[in-house]
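Have a look at the structure below before the remarks.
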Amino acid sequence: EHVIYTMGIKGLTQLLKKKNAYNVVEKHLSKYRGKKIAIDTSILLYKYRYGSGNDQLSHIYGILGKCISFLSNGVIPIFVHDGEPPEEKNDVLSKRTDQRKKLKDKIETIKTQIREYSSDSDSEDDSQLYKLKASLSKLEKQVVNVSQTHRKEIFYLLKLLGVPNFVANGEGEASCAELQKKGIADYAYTEDMDILTFGCTKFLRASNKKDYYTEISLENILDNLKMNQDEFVDLCILCGCDYTCTIPKVGMMTAFTLINKNRNIDKIIEKNTKYNIPEDFKYIKARELFNQDVVIPEVSFEMEKLQEEELIKFLLEEKKMPEKFIERYIQNFKKVSQKFRVNTVKNYFK
């Protein structure tokens, strides 16, 4: 399946598997009862939009479902939204835009072919038309569109639900890692391995089974690779990250061998006689971005009051969602989120 939203570190998962350093534990969400999990919201939005073939309400249904799933298992989610990405990421972002444009062009070509085919009344061969329609549907699914409107709607929705959420100062992932490092969240949830490069020590990825997550420990990885965090960051930069280009002919296995031998990129470059190092290999800047201090805004990380009237207005009037669904959802939401609000009522009467 072709998913265009995960970036992260090139080949890191394969490398860790080859080096027996990918010890993941799969657990049901209920095993995290009483914990807080910081969520890289952007990843979820792409996932929902992709899975639904860009259905106009998929992001809202998806996030509503995710909140119930976490809260009913006793977990408080903290949704983190992307702020402005650093300019070092511009190359990656423009490549994504190019990819999207190429896909859109392909889609238009196929649509034209289908139109021509359908209007040609002499053509008897339906199998060709079927093939064209199948490729069209496959390609359309790949052009995942997550707009500013989708992001704003989700931010507003979570605010009305009283679920902790904020816009990061920079990339959402770096803030998820920071929340986990500071102990505000116990885990971070994303699909991108570069959260480890930001120093997140425990993170979760989705599993194929409903409400199961695979848990990955940075400490475990560093132990198995026999590296410290600085060496690991350099390894990830060499493998290929979003902030700088790579060195030609240096893939993940070569990157591992080089770091293992020299312990950092500076030494590799100093001793280099073999590789052609591009001028725009800005590894020092990439390192700084992975090690930067991330500012977390002063927001509440507890469940707040549900703004029921506004929520109904938003879902029913603005988004035209079925009334029955909204009623049932709110009832369910109140039930699963109630236990997180009991203390505030008690304290109020003290």
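Relative contact order for the chain: 25 percent, from Cα pairs under 8 Å spaced at least 6 residues apart, divided by residue count. Among the listed pairs 313/335; 18/181; 159/305, a Cα-Cα separation exceeding 19 Å is found for 313/335; 18/181.
Helical content alone sets the calculated 222 nm signal of the chain at -16000 deg cm²/dmol, taking -39,500 (n - 2.57) per DSSP H segment of four or more residues and averaging over every residue. Residues whose amide H falls under 5 Å from that of residue 240, counting only those 5 or more places apart or on a different chain, are 10, with hydrogens built in the peptide plane. Solvent exposure of the chain, expressed per residue, is 54 Å² of accessible area, with all protein chains present and a 1.4 angstrom probe. Excluding same-chain neighbours fewer than eight residues apart, the aspartates and glutamates reachable from residue 131 by a Cα-Cα span under 17 Å are 108, 116, 120, 140. Please compute the modelled spin-label separation between residue 280 and residue 313, points set 7 Å along Cα→Cβ, answer in nm with one decimal. Calculated label separation equals 4.8 nm.
Listed by chain and number, the lysines placed with their C-alpha closer than 19 angstrom to that of residue 138 are 47, 101, 102, 104, 106, 111; residues fewer than eight positions away on the same chain are left out. When the accessible area of the chain is split by element with a 1.4 Å probe, what percent falls to carbon and sulfur? Whole-percent figure for carbon plus sulfur exposure: 49.
For segment 264-303, chymotrypsin sites (Phe, Trp or Tyr not before Pro) are listed when DSSP marks them as loop and at most 13 other Cβ atoms sit within 10 Å of their Cβ; the list is empty. A Cβ-based charge dipole, computed about the Cα centre of the chain with Lys and Arg at +1 and Asp and Glu at -1, lands at about 1180 debye. With θ taken as phi - 60° and the Karplus curve 6.51 cos²θ - 1.76 cosθ + 1.60 applied, the whole-hertz 3J(HN,Hα) list for segment 240-251 is x, 10, 6, 9, 7, 6, 10, 8, x, 6, 10, x Hz, x standing for glycine and proline. For segment 162-310, the residue among 199, 265, 176 whose Cα projects farthest onto the positive side of the dipole built from Cβ charges is 265. P(r) tail for the chain: Cα pairs beyond 27 Å make up 55% of the total. For segment 128-244, rounded, prolate or oblate, judged on the Cα gyration tensor with a ≥ b ≥ c (square roots of eigenvalues), a/c < 1.5 rounded, else prolate if a/b > b/c? Since a/c reaches 1.5 but b/c is at least a/b, the shape of segment 128-244 is classed as oblate. Net charge within 10 Å of residue 200 by Cβ-Cβ distance, Lys/Arg positive one each and Asp/Glu negative one each, not counting residue 200 itself? Summing Lys and Arg as +1 and Asp and Glu as -1 gives -1. Couplings 3J(HN,Hα) for segment 259-275, derived from phi with the Karplus relation 6.51 cos²θ - 1.76 cosθ + 1.60 (θ = phi - 60°), are 5, 4, 7, 9, 6, 7, 5, 4, 5, 4, 5, 4, 8, 5, 10, 10, 10 Hz, where x marks Gly and Pro.
The values are calculated or read from the model by the stated rules, or taken from the named source; none is laboratory data. The model shown is predicted, which means the values in this text are computed figures rather than measured ones. A quick note on method: Cβ atoms are made from the backbone with ideal geometry, for glycine too, and the neighbour counts reach across all protein chains shown. Side chains included, ligands, DNA and RNA excluded: accessible areas come from the protein's heavy atoms. Shrake-Rupley method; radii C 1.70, N 1.55, O 1.52, S 1.80 Å.
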